[in-house]
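The values are calculated or read from the model by the stated rules, or taken from the named source; none is laboratory data. Owing to the predicted nature of the structure, the values given are computational and were not obtained by experimental measurement. Here the Cβ positions follow ideal geometry from the backbone for every residue, glycine too, while neighbour counts run over all protein chains shown. Areas reflect the complete protein model, heavy atoms only, side chains present, ligands, DNA and RNA absent. Shrake-Rupley method; radii C 1.70, N 1.55, O 1.52, S 1.80 Å.
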Amino acid sequence: MKVREYLVNLEKEFWHKRYSSLHPHILQHNYLHHIALFERVSAIISTIRAKTDKKLQIVDIGCGKKPFLSLFKPLTKSYVGVDVDSKVADVVASAEKLPFNRESCDLVLCFQTLEHCQEPQKV
């Protein structure tokens, strides 16, 4: 193995273990994006808590590894993760064709998902 390949693999392994959407490392390539998103989501949670103490039924569309579950957990009656191909998702479905009835949940989360959809206007 060449030195460059070795170093690239070492870097991938290093970041794979440390990558976080909620608590990004300052050297993470998308640090500014994730820290801003985390701050905005935290503000939304504070607003929700101020308006109601009711436990919510939450659907997370494009949940991936459910990075926001821990933040929303105190607010939830149920938290359903939806993704097209995920080992963590509770429901496997596309965002364009969700298997839920209208008004069947209290809050829908959809972070960093629309850019992956074939028809984002339907979502």
Residues of segment 26-50 that turn out to be hydrophobic (A, V, I, L, M, F, W, C), farther than 20 Å from Val108 by Cβ and either surrounded by 14 or more Cβ atoms within 10 Å (Cβ to Cβ) or modelled with pLDDT under 85 (or both), as a count: 3
Quick one: would you say Val8 is open to solvent by less than 100 Å² (accessible area, probe 1.4 Å), among the β-branched types (Val, Ile, Thr) and under 13 Å from the mean Cα position of the chain (by Cα)? no
Among (1) in contact (Cβ under 8 Å) with a residue 24 or more places away in the chain; (2) open to solvent by 50 Å² or more (accessible area, probe 1.4 Å); (3) assigned to a loop (DSSP other than H, G, I, E, B), Asp53 falls short only on (1)
Scanning segment 77-96 residue by residue, those outside any loop (DSSP other than H, G, I, E, B), in contact with a Lys or Arg (Cβ under 6 Å, 6 or more places away or on another chain) and either surrounded by fewer than 16 Cβ atoms within 10 Å (Cβ to Cβ) or of a type in the set (Asp, Glu) (or both) turn out to be Lys77
Being open to solvent by less than 60 Å² (accessible area, probe 1.4 Å), charged (D, E, K, R), within 15 Å of Leu22 (Cα to Cα) and touching a strand residue (DSSP E or B) at 6+ places or on another chain (Cβ under 8 Å) is true for just one of Lys66, Lys73. Which residue is that? Lys66
